[in-house]
Amino acid sequence: MSNAKVYVNGEFAGEWPYGYASFYIDATKFIKFGEKNLIAVRLDNKEKSSRWYTGAGLYRNVRLVYKNPVHIVKNSLFVTTGQIGNNAAVVRVKLELSKPEGAAKVEHKILDNLGNVAAFKELSNPVEPAQINLPNPKLWDTKTPNLYTLQTSVFDGSGNLLDRLDTRFGVRSLKFSRDGGFELNGNKTKIQGVCMHHDLGPIGAATNVRALKRQLGILKQMGCNAIRTSHNPPSPELLDLCDEMGFLVQDEAFDEWRYAKCENGYNKIFDKWAEKDLSAFVRRDRNHPCVFMWSIGNEVNDQHYADGAATARFLKSIVYREDGTRPVTSGLNSLEAAFTKSKLAQELDIVGVNYQTKLYREYADKYPNMIFHGSETASTISSRGAYYFPVKRAVDPFRGDYQASSYDLETASWGQTPDEEFAALDSNPSFLGEFVWTGFDYLGEPSPYNPGTPARSSFFGIVDLAGMKKDRFYLYQACWNPDVKVLHVLPHWNWPDRLGQCVPVHCYTNYDKVELFVNGKSMGVRARNAGRDGYNGRYRLVWDDVVYQPGEIKVVALDKDNKALQEKTVKTSGVPSKLRLTADRDKFDADPKELIFVQIDVLDKDGNFCPRANSFMFVEVNGAGKLRALCNADPTDQTGFSSNYMKSFNGKLLAVIEPSNTPGEITVEAYGMSLVPSKIKLSTGAPEK
């Protein structure tokens, strides 16, 4: 990242300026065979090149690949599936060979997830497209992401193996229509997606599979089924995980075209590199079953210029040349300009609408033959566990502590609350769904607290920078995940500064009715879909006249006969006294890449969570591992992530542990002033083969 220049033994071998792009360079002619060789990569990430934190240096994986002179050209092999039905699918394969005259035959084996051969095809013409019948295919979808492996082998005339390539793919069908919406394998599927930047919070921008898997696992719990790779090509590892875990992906290429947003942005290289970048991007990612849309841009300024449509048409033609199986979209933040000034929108297969919910119906009615989706929605802002009064809908609030309220009613000037977006989509069923800005908080863009404030990370995330759930997580879970009965109450109940004053209570739920009790006294029953207080009542129930007194609040979900189904209680806690350490999973490999995430909660002497504790503490790691990072997810905390000390933020702190290569025991200990030291012991074992 970025402006890579590659040198082999001091000689310039090639370059690729787009920092998000995967690329490869043939180093053969620069190699000194039988001698030591030096490969160097020079990187130059210029200032003012991006609107968010990009990271710098070699932040994605680099490989040295040995090949026979006769080999399958990198990213040339393309697998598509069709005619799914009647207990069979047709798998089509195209490829290119570096020297076709040197090969005599190609074999294609399709292996199931157990490694059994499910289908086989042999071709005497090595470059002939293959058509393979796959009986009784197991389909890929978001709930059962079944995968196959195509094993392609190239042989010479003597039967010697020249090259072998394993390509993972899935059997699935995509259909998009104005009336039927989006259908995956014939089943109507609402897009319940989030936008994600590529950084991993406290561990930075470098790709780590374990950290990505943790993020996706949290989003899966919420009911999220789609990721938008805003606003650039993702790491291949992310797409691999989305294939495995069942996420749809809107794969996005650019944040700029010809007209600049940033002084040193992509506009500087568009004319020379756009075709190369987009072609390489599509070729790299087209075999992933998770990819279901190609996005050629986000909020490009070309929307406002007469040549915008021609540029969109140019980019779409490149996508179609490399893959005609998926639609092309783009995120538009000015529908009027995109439809009437540049006519860029008319060049898209699917129109992505960034915000502008009040225009959903108008443009859907005005363009009845076009398909729409919310490519970027909400931009609700909140700080985990922080609540402010009075509780009201607010735009770009500016506070002296540089935080935002977790009542989830505050947004950026262009945004909407989740409730408002739910209402917009409910009243516009022709929209395919939404991608919320954003799934996780990320480094940079701390709107509304920009230059001159201590804020360094965003407030937009449904999940905070440390990967801890904000209240908003449960609001989306109530809407998106019908398999989970949600009953979440907020705020916390530690308000000594508001004794005798109003503290509204909100409940995020997908139960039909909920009753609130304060210290055993009923505050009444609220029913969903009542439209109360302008909050819609879809998944948010409100008691706005509750007077604070210490003790407890309890919400009880009721059935139609007012019998209790579930209850949740929040108690007033005492002073911070001790700590609770919890690891993110039970089994750990002895591998530095297999990071362990340990959450540290501040408790009172009785074990109650202390929601306002900003306790200074140290974290020590001993044994077969080391401390990689700390993160409290406070957007204003300037303490370095690599420090071994940090304050908790509203009662929570995350420690990221890096295991060593040697199996053994890791001890993680946390302690601080007036806090009883607490520890957790973790055992790492040899990775499974």
Any idea which residue in region 333-363 is farthest from Pro429 (Cα to Cα), counting only those that are open to solvent by less than 40 Å² (accessible area, probe 1.4 Å) and touching a strand residue (DSSP E or B) at 6+ places or on another chain (Cβ under 6 Å)? Ala338
Could you tell me which numbered condition Asp179 fails, if it satisfies all but one of (1) in contact (Cβ under 8 Å) with a residue 60 or more places away in the chain; (2) open to solvent by 30 Å² or more (accessible area, probe 1.4 Å); (3) part of a strand (DSSP E or B)? (3)
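Take the residues of region 74-88 that are open to solvent by 30 Å² or more (accessible area, probe 1.4 Å) and not in a strand (DSSP E or B): which is nearest to Asp285 (Cα to Cα)?
Residues of region 74-88 open to solvent by 30 Å² or more (accessible area, probe 1.4 Å): 74-75, 80-81, 83-88.
Narrowing the set further to residues that are not in a strand (DSSP E or B) leaves 74-75, 86-87.
Values: Lys74: 12, Asn75: 9, Asn86: 29, Asn87: 28 Å.
Checked region 74-88; the qualifying residue nearest to Asp285 (Cα to Cα) is Asn75.
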Mind checking which residues of region 182-202 are under 30 Å from Ser643 (Cα atoms) and part of a strand (DSSP E or B)? Cys195
Hits in region 124-143 (condition: within 23 Å of Val291 (Cβ to Cβ) and assigned to a strand (DSSP E or B)): Ala130, Gln131, Ile132, Leu134, Leu139, Trp140
Would region 92-101 turn up any residue that is under 32 Å from the mean Cα position of the chain (by Cα), open to solvent by 30 Å² or more (accessible area, probe 1.4 Å), on the phi < 0 side of the Ramachandran plot and not aromatic (Phe, Trp, Tyr)? yes
Among the residues of region 283-292, write down those that are under 27 Å from Lys143 (Cβ atoms) and assigned to a helix (DSSP H, G or I). Arg284, Asp285
Given (1) crowded, with 19+ Cβ neighbours inside 10 Å; (2) of a type in the set (Lys, Arg); (3) without any contact (Cβ under 8 Å) to a residue 40 or more places away in the chain, number of the condition Arg172 does not satisfy: (3)
Note on region 265-275: residues open to solvent by 50 Å² or more (accessible area, probe 1.4 Å) and either in a loop (DSSP other than H, G, I, E, B) or in contact (Cβ under 8 Å) with a residue 12 or more places away in the chain (or both) are Asp271, Glu275
Would you please name the residue that is least open to solvent (accessible area, probe 1.4 Å), looking only at residues in region 106-123 that are over 11 Å from Leu134 (Cβ atoms) and in a loop (DSSP other than H, G, I, E, B)? Gly115
Of the conditions (1) surrounded by fewer than 19 Cβ atoms within 10 Å (Cβ to Cβ); (2) farther than 25 Å from Gly223 by Cβ; (3) in contact with an Asp or Glu (Cβ under 7 Å, 6 or more places away or on another chain), Trp493 fails just one. Which one is it? (1)
Evaluation of Glu256 against (1) crowded, with 19+ Cβ neighbours inside 10 Å; (2) of a type outside the set (A, V, I, L, M); (3) without any contact (Cβ under 8 Å) to a residue 40 or more places away in the chain (one fails), failing number: (3)
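Listed here are the residues, each with its yes/no results for (1) in a helix (DSSP H, G or I); (2) free of Cβ contacts under 8 Å to residues at least 60 places away in the same chain; (3) under 27 Å from the mean Cα position of the chain (by Cα).
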position	(1), (2), (3)
Tyr360	yes, no, yes
Tyr363	yes, yes, no
His373	no, no, yes
Ser382	no, no, yes
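The values are calculated or read from the model by the stated rules, or taken from the named source; none is laboratory data. Because the structure is a prediction, the values reported are computed rather than measured. Cβ coordinates were reconstructed from backbone atoms using ideal geometry, including for glycine residues, and neighbour counts include every protein chain displayed. Quick note on the areas: whole protein, heavy atoms, side chains included, nothing else; ligands and nucleic acids left out. Shrake-Rupley method; radii C 1.70, N 1.55, O 1.52, S 1.80 Å.
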